[in-house]
Amino acid sequence: MKHMGDDILIRSGVIIKNPENISIGSRVSIQENCYLSGWGGITIGNDVSIGNGTKIVSSEHRYDRGGAIRNQPLVALPVSIRNNVWIGMGVSILGGTHIEDDVIVGAGSLVKGTLESNGIYVGVPAKRIKDVYPEL
């Protein structure tokens, strides 16, 4: 790994590709059967819980004219997950995503873009449904 903090739990069946491009903070848990593709860079902050079967991919294929789509080159799209984030089971996080502090992502959601802090996001694509801390 590029960086690993303290008190990290990585359960069985987790696949990590390009670990040299992945930084993980402290007090992070990655549950069973997750897939992290770090080719474009993944940064995970502190106090993050990643549920079973979650996929985090930090790249995508271009789709320029000419030639087979499957042969198009990869484009690096870094993913960042800040602090105090709970990612539910079976979430897919696509390249270029930025998840700010104090966010919950509901099970089965598809995430692309920025999830602003203090929010609960669910769905395909993930949309904000309410605040984590309503009094803020």
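The values are calculated or read from the model by the stated rules, or taken from the named source; none is laboratory data. The structure displayed is predicted, hence computed values, not measured ones. FYI the Cβ positions are ideal-geometry reconstructions off the backbone, even for glycines, and counts take in every protein chain you see. Just the protein is used for accessible areas: all its heavy atoms, side chains included, with ligands, DNA and RNA removed. Shrake-Rupley method; radii C 1.70, N 1.55, O 1.52, S 1.80 Å.
Please give the per residue accessible area of the chain, computed with a probe of 1.4 Å over protein heavy atoms only, in Å².
Numbers: 7370 Å² over 136 residues.
Per residue, the chain has an accessible area of 54 Å².
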Original post:
What FRET efficiency would be calculated for the residue pair Q72, V14, taking the C-beta separation as r and a Förster radius of 35 Å, to the nearest 0.05?
Top reply: 0.80
Subject >> Rounded percent of accessible protein surface that carbon and sulfur make up, the chain, 1.4 Å probe >> reply: 52 percent
Subject >> Cα centroid separation, the range 93-136 to the range 49-66 (Å) >> reply: 17 Å
Original post:
Which aspartates and glutamates, on any chain, are close to K130 with Cα under 18 Å apart, when same-chain ones fewer than 8 places away are left out?
Top reply: E100, D101, D102, E116
**OP:** Calculate one ³J(HN,Hα) per residue across the range 19-24 by plugging θ = phi - 60° into the Karplus curve 6.51 cos²θ - 1.76 cosθ + 1.60, and present them in order as whole Hz with x for glycine and proline.
**Re:** x, 5, 10, 10, 10, 10
**OP:** Treating cross-link reach as a plain straight distance, find the aspartates and glutamates whose alpha-carbon is under 14 Å from the alpha-carbon of K55, omitting any fewer than eight places away in the same chain.
**Re:** E32
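Eigenvalues of the Cα gyration tensor times 5, then square-rooted: what semi-axes does that give for the range 1-130, in whole angstrom, largest first? Can you show the working numbers first?
Working: eigenvalues 109, 65, 33 Å².
Semi-axes (√(5λ), whole Å): 23, 18, 13.
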